[in-house]
Amino acid sequence: MAQEALGALEPGTEFELSDLLPPELWSGIPVGVRRSAGTAFLTTMKRSEAVSCLGRDGENHQRYRKLG
């Protein structure tokens, strides 16, 4: 589901992992599982040439930018 949403983003779009899932689905996932998913997603995106990792925002959420 997140992969399809990522593929649909326009290049240059900034996002966080929760933006790739429907809000009701994201909020229904236990916090510990969300943290683990975020860590796994960050690890995967660091190896990706399609996404740039931008660092954390003021709410400590990891931000990304889709590249060309």
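The values are calculated or read from the model by the stated rules, or taken from the named source; none is laboratory data. Not measured: the values here are computed from a predicted model. Note that we place each Cβ from the backbone using ideal geometry, even for glycine, and neighbour counts take in every protein chain shown.
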Q: Report whether or not Ser36 is closer than 18 Å to Gly55 by Cβ, part of a helix (DSSP H, G or I) and at pLDDT 95 or above.
A: no
**Q.** Tally, over segment 42-66, of residues that are basic (Lys, Arg) and without any contact (Cβ under 8 Å) to a residue 40 or more places away in the chain
**A.** 3
(Q) For the condition hydroxyl-bearing (Ser, Thr, Tyr), at pLDDT below 95 and more than 17 Å from Met1 (Cβ to Cβ), what is the one hit in Ser52, Ser48? (A) Ser48
Q: Output the number of the condition that Glu24 fails; it satisfies all remaining conditions of (1) within 10 Å of Lys66 (Cα to Cα); (2) modelled with pLDDT of 95 or more.
A: (1)
**Q.** Check on Ser18, exposed (fewer than 13 other Cβ atoms within 10 Å of the Cβ), at pLDDT 95 or above and among the hydroxyl-bearing types (Ser, Thr, Tyr)
**A.** no
